Each structure stands twice: as C-alpha cells, then as structure tokens.
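Where a number appears in this text, it was derived from the coordinates with a stated rule and is not lab data. What you see is a predicted model; the values in this text were computed from it and never measured. Because the Cβ atoms are built from the backbone with ideal geometry, glycine has one as well, and the counts that use them run over all protein chains shown.
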Amino acid sequence: MSVGTLPVLDLGLLELPGAAQAEHLTELRETARDVGFFYLVNHGVNAQLLQNVQSITRAFFALPEAEKQRVSMIHSPHFRGYNRAGVEYTREQRDQREQFDIGAERVALTLQPGDPAWKRLQGPNLWPEALPQLRPVIHAWQQEMTGVALRLLRAFARSLSLPANAFDALYGTHPNEHVKLIRYPGQAAHESQQGVGAHKDSGFLTFLLQDEQRGLQVEVTPGNWVDALPKPGAFVVNIGELLELATNGYLRATVHRVVSPPARKERISIAFFLGAQLDAQVPLYQLPASLAAEAAGPTSDPANPLIRDVGWNYLKGRLRSHRDVALRYYTDALNTVKS
Ligand SMILES: O=C(O)CCC(=O)C(=O)O
Ligand SMILES: [Fe+2]
C-alpha cells in the first residue's frame, strides 16, 4: 500500500444497488482497517452550505475578543463555547488553536442526587449575540452531517457483513453531534508548532472540512506521518475509538495531529464528530470469522484506557482537554473518571 497520500472513497459508489456495491464496500473496509483515514467525495452535501459554514466560521473568529469571551466555555457545564488558543491540552501540552464547540441542542437534564456526572454533558449551546446567523448555519450543517455520517456508518456495517442498521442502536435517538469550529493561528519558527497534539478521536466517526492551508498529518505507520492535504469539496473522514472498540480493533482509530501554519497564515477547519448516545454501552460486534481473525484488539493507549460506557468515556476526554471547565463544574467527578 502506498502511504504517501490518503485514499479517496466515493459515498455514491458505497450505496450502489445490489452486488455493484460489494467491491467498494471491501475497499472501505480495508481502508478503514489499514489506514483509518480517507477523503470522502460525492457525499451530497450542498456546496453552498459548505461555503456558508466556512465563511460564518471566519466571521466568528473575526469577532472582537470581548464578544468571543462572552460565549467562553467556562460559562458552560456542558463543554460548549469558545476557547482561546493555548487553553486546551493534548498530552499535557498546550494546543495553539482557538475553537468554538457546539453540541446537540438540548435542554439540560434535571438531575437527582447520585446521578452520574456525564448527565451534565447534555444541555444548551452558547451563541454569540453579535453573530445571529451562526446558529441557523451551524444547525443546518449539524443536521446535514448527521445524515451523511449515518449513511457512512451503514456502509461500514454492511462492509463488515453486519445488518445495515447494526450501529443504529448505539447512535440511537440522541446522538452526540459535536461540531467544532477551529482556527489555527500562524506561529513564528521559535514558537510552539502544536496546532493540536497527536491524538485519536473518541467518538464513532469524524468528518473534517479543511480550508486551503495544509497542516493535518496522519500517523499511518509508526513514525510515518502523511499529510492530509486539503482536497476541495472532500471531507477527511476518520474512525474514532468507539468504532475501534466495537469491532475489537478491526477498524482503526488512527493517531493524527495538526502542525501550525507559518507566521501570518492561518488555518480554518470545521470538524463534525458523530458520537454515540451518552447512555449507551459499546458492545463487541460479532464479525465473520475471516474478519475477526484480522482484529487485533483495540490499541488503546495505556495512559488513556477506553471505557465502554459512552457517557463516561466522553466525559473523560472533555475533562482532560478542558481543565478550567473541569475544575469549575466537575471537581466531584475528577476522581471517579480516572483521567
Ligand atoms: O483541524 C483538523 O484538521 C483536525 C482537528 C482534530 O483532529 C480534532 O479536533 O480532533
Ligand atoms: Fe482529531
């Protein structure tokens, strides 16, 4: 296999009727097993919506600092809102990116004493008054991306000889639809180049919409970092840890990172993370013997063990990334979640 670039998959081909899809499903399965990252084309998301979401994202980051601080994540026990560069940590190092996190738009749950702390993750988003168009554009994008993600998840299920709806129960009626708007500021040569440090994504599937600035790198084989160069109109898709866990490591959650742009440049990317329902447990799906034989078990980082309880696993990641929010709202949970 060439490791110089990422494979390109076509969603339309994965949905061809009958036997015609078979060879494409095999390609999807093998790509996800060997690389865990690919470009997705022919996904059907309207080009105008892609442009709108990119321009509204630029408009958000161009707001005065005071406006962005009004929607700072420190105001949200649900981990929603704005973080300036250098606040988020990956592997104990600061990430040089500013970001705005949006989750599924739901009311906060009424909690009873003794309820698990992850129930606090559900709740409303924060929206900047100074940019009222942000909310409808992001909602449209979130809805559209949930649809694409579900289509792809069904293709994954078929590619593994599971019923097309095998993952639907995990995803359920309350999926964890997490959108992250990200801006990587240019960094001078003597400054940190960690846009985001090396990590795996924790959910099911991630879709990235990049701009024209390079920076995303994928560790295809140990120590071999491949550039996921921007490809107009395509999403970069990768597998998250839940899907790795569900398939006993057959599908691969691959480590990736972003290297900062040079001084005076910036990079904008928009991520959509499809997670499972917070109250779900990730089962181990029975794969056909020939595939099960190739599943080596999830390659979880011993310093960051995976938890099958979706809510706890998600909370663990959030507490790790956003220490200030954790200390404000989750001191009681810091010992329960071994993060
Ligand atoms: O900005 C990117 O291209 C990647 C972002 C990423 O990996 C993440 O936020 O998990
Ligand atoms: Fe990531």
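Observations
- For the stretch 181-226, applying the loop criterion from DSSP together with a ceiling of 12 other beta carbons within 10 Å to the GluC sites (Glu not before Pro) yields E191, E212.
- Peptides 139-151, 199-211 ordered by packing proxy, namely the average of other Cβ atoms within 10 Å per residue, highest first: 199-211, 139-151.
- Restraint check, K68/K231; K200/K265; K231/K316; K265/K316; K180/K316; K68/K200, Cα-Cα greater than 24 Å: K68/K231; K200/K265; K231/K316; K265/K316; K68/K200
- Cα Rg over Rh - the stretch 169-254, Kirkwood: 1.00
- Relative contact order of the stretch 8-329, pairs being alpha-carbon contacts under 8 Å that are 6 or more residues apart, as %: 22 percent
- Mean Cβ neighbour count within 10 Å, used as a protection proxy, ranking 282-288, 40-46, 269-275, 105-111 highest first: 269-275, 40-46, 282-288, 105-111
- Taking label points 7 Å from Cα along the Cα-to-Cβ direction, A292 and Y89 give a separation of 4.1 nm.
- Span-like helix check, the chain: qualifying full DSSP H segments, with Cα axial length of 24 Å or more and mean Kyte-Doolittle of -1.0 or more, are 134-159.
- Taken along the Cα-to-beta-carbon direction at a fixed 7 Å, the label points for T336 and E65 span 3.7 nm.
- Helix-only arithmetic for the chain: the sum of -39500 (n - 2.57) across DSSP H runs with n ≥ 4, divided by the residue total, places the mean residue ellipticity at 222 nm at -8500 deg cm²/dmol.
- Three semi-axes of the equivalent ellipsoid, the chain, Cα gyration tensor, whole Å, largest first: 29, 24, 20
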